[in-house]
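Okay, structure first, notes after.
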Amino acid sequence: MKLVGVAVALLSGAFLLYATVDFPPWADPASPASLHVSPRYIEKTIEETAVPNVVTSVLADYRGYDTMFETTVIFVAGLVCFVLLRIFRTVGSEQILYRHIPTGITVRIRDHRRFPPRELKEFERIDSVWTPYDPIIKTMCRLMIPFLQLFALYVIAHGHHSPGGGFQGGVILGASFILLAVSHDLRSSLARMGEKIHTLFCPVGVLAYAGTGALCLLLGDNFLDYKALAPLLGVDSIMARSHGIFIVEVGVGIAVMATMIWIYNNLSSEGRYDEGL
Amino acid sequence: MSDFFSLLLSKYNYWIYITLMMIGLYAMIAKNNLVKKIVGMNIFQTAIILFYISIGAKKGATIPIIEHAHERHGSEAGSFLVQAANYINPLPHVLMLTAIVVSVATLGVALALAIRIYNRYKTLEEDEILSQIRKE
């Protein structure tokens with residue numbers, strides 16, 4: 001099997017290397033990929049959409065269909081993780097572990113419904129896999145997460161003028177919640193972003209994208225042709241494209257954030273949503 | 001011989017991505033552990049992403065964000081000339097931007113399947129799973 005693998009990999013690699021003889025050299029300005037459609041995008045983007053970042057205007061306007069279905073793909077991926085892994089019945093251990101923070105003693109409670117030590121401040125619930133109490137990591141992450149989320153919102157909102165956009169900002173926003181789940185535990189992440197909320201956000205983001213397209217259709221233009229939104233937004237048709245791109249990017253950001261959290265929560269707790277990694 | 005070396009130097013980006021692709025393909029075919037196969041798949045995807053990004057590069061060009069475009073848009077844009085040779089090709093960047101997020105999503109699905117397989121067979125080694133399936 002190993003020999004077959006080496007042979008197949010070397011053979012396909014050799015064919016591809018042979019094919020590179022016909023390829024343009026590295027960073028050639030006259031390569032075929034840079035000659036046909038991309039100069040048009042670069043030269044017309046300010047004129048047609050008023051978005052200086054060509055990547056954003058191509059992503060959400062010129063090739064809006066592609067991005068819409070990529071968003072649908074990540075929604076479906078999140079849904080598949082949910083369907084494969086999520087378990088709703090509680091199985092196994094009814095006992096729950098608490099840590100007395102000042103002394104570090106672990107307390108095991110068999111019947112936690114009758115005796116939840118919730119009002120006691122110096123107890124914290126811990127996972128069944130023992131983890132040391134680490135105030136440095138917890139404090140640092142608690143300090144970092146708000147700025148991380150602020151930066152994510154900046155990346156989404158400033159995607160017109162600087163590198164950024166819905167995908168990148170959504171991933172950073174999702175990573176901030178994942179960082180909370182890693183540094184504290186899954187329950188404190190779920191307390192901020194519950195299962196119902198992030199499961200709802202995922203289709204809402206996709207719907208914001210598709211709904212903007214459908215609104216353009218209702219207003220008498222093509223699907224995802226944002227200049228139809230001009231009378232609604234009260235701007236001229238070029239700025240309407242810019243604002244339409246922004247609405248769509250926000251939808252992408254919501255969908256990507258929710259999918260990242262959804263996939264992580266399902267994978268880390270094996271679908272039980274009680275204890276993370 | 002110097003011909004060959006100049007060819008190699010002018011196209012070294014393809015050599016890098018083909019080597020990465022071969023590593024990923026080998027891992028997907030020959031590795032016994034399912035997680036290693038998934039890692040191989042990710043290396044393969046990275047090779048494709050690098051290939052696309054390297055296609056978009058242009059000598060002497062900058063990132064595809066039009067400079068000094070804040071103050072002029074809309075009706076004044078007619079007098080604003082943009083030279084396409086000064087900006088790198090944005091199209092591969094757009095395609096790979098979505099491909100990176102989709103690769104993360106497919107990685108999630110692959111890991112979810114691996115977790116289900118582990119819960120059923122209590123192993124992630126391919127030969128042990130196959131022998132268990134044959135026994136049933």
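Values in this text are rule-based calculations from the coordinates and carry no lab data. Remember, predicted model here, so these are calculated numbers, not experimental data. FYI the Cβ positions are ideal-geometry reconstructions off the backbone, even for glycines, and counts take in every protein chain you see.
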> Each residue of region A:265-275 in turn: what ³J(HN,Hα) in whole Hz from Karplus with 6.51, -1.76, 1.60 and θ = phi - 60°, glycine and Pro shown as x?
Replying inline: 4, 5, 6, 6, 9, 6, x, 9, 6, 10, 10
> With point charges of +1 on the Cβ of Lys and Arg and -1 on the Cβ of Asp and Glu, referenced to the Cα centre of the protein assembly as shown, which listed residue (A:143, A:240, B:89) lies farthest in the positive direction of the dipole?
Replying inline: A:143
> Of the listed peptides A:46-54, A:165-173, what is their order by residue-averaged count of other C-beta atoms within 10 Å, with the highest listed first?
Replying inline: A:165-173, A:46-54
>> With a 10 Å cut-off between alpha carbons and a GNM built on chain B, which of B:119, B:42, B:32 moves the most?
In response: B:119
>> Need the list of lysines near residue A:138 for cross-linking: C-alpha distance under 20 angstrom, and skip anything on the same chain fewer than eight residues off.
In response: A:121
>> About the Cα centre, and with charges only on the beta carbon of Lys, Arg (+1) and Asp, Glu (-1), how big is the dipole of the protein assembly as shown? Nearest 20 debye, please.
In response: 1440 debye
> Across peptide A:165-171, what mean number of C-beta atoms from other chains lies inside 10 Å of a residue's C-beta?
Replying inline: 2
> Cβ under 14 Å from residue A:173's Cβ, residue A:173 left aside: what net charge do those residues give with Lys, Arg +1 and Asp, Glu -1?
Replying inline: 0
> What full-extension length gain, to one decimal in nm, is calculated for residue A:84 and residue A:133 as 0.36 nm per residue of separation minus the Cα-Cα distance?
Replying inline: 14.3 nm
> Just counting partner chain Cβ atoms within 10 Å, what average do the residues of peptide A:4-14 show around their Cβ?
Replying inline: 5
> Taking H as built 1.01 Å from N, whose amide H comes closer than 5 Å to the amide H of residue A:126, not counting residues under 5 places away?
Replying inline: A:97, A:98, A:99
> Among the trypsin sites (Lys or Arg not before Pro) within region A:196-277, which fall in a DSSP loop and have no more than 15 other Cβ atoms within 10 Å of their own Cβ?
Replying inline: none
>> Along the Cα→Cβ direction, 7 angstrom out, place labels at residue A:144 and residue A:37. What is the inter-label distance in nm?
In response: 4.0 nm
> Which ³J(HN,Hα) values in Hz, rounded to whole numbers, follow from the phi angles of region A:223-239 under the Karplus curve 6.51 cos²θ - 1.76 cosθ + 1.60, where θ = phi - 60° and Gly and Pro get x?
Replying inline: 4, 6, 9, 5, 5, 5, 7, 3, x, 5, 8, x, 10, 6, 5, 6, 5
> How long are the semi-axes of the ellipsoid equivalent to the protein assembly as shown, from square roots of 5 times the Cα gyration tensor eigenvalues, in whole Å, largest first?
Replying inline: 43, 32, 19
> Between residue A:192 and residue A:7, what is the spin-label point distance in nm, taking each point 7 Å from the Cα along the Cα→C-beta axis?
Replying inline: 5.4 nm
> How far is it, in nm, from the label point at residue B:119 to the one at residue B:134 when both lie 7 Å from their Cα along the line to the Cβ?
Replying inline: 2.8 nm
> For region A:202-216, what does the Karplus curve 6.51 cos²θ - 1.76 cosθ + 1.60, with θ = phi - 60°, yield as ³J(HN,Hα) per residue in whole Hz, taken in order and with x for Gly and Pro?
Replying inline: 4, x, 4, x, 5, 5, 4, 5, 5, x, 4, x, 5, 5, 4
> What is the mean number of Cβ atoms from other protein chains located within 10 Å of the Cβ atom of each residue in peptide A:28-40, rounded to a whole number?
Replying inline: 5
> Taking each full run of DSSP H in chain B as one helix, which ones are at least 15 Å long along their axis (Cα atoms) and have mean Kyte-Doolittle hydropathy of at least 0.0?
Replying inline: B:12-30, B:34-56, B:90-121
> Remind me, relative contact order of chain A in percent, using alpha carbon pairs under 8 angstrom and six or more residues apart?
Replying inline: 23 percent
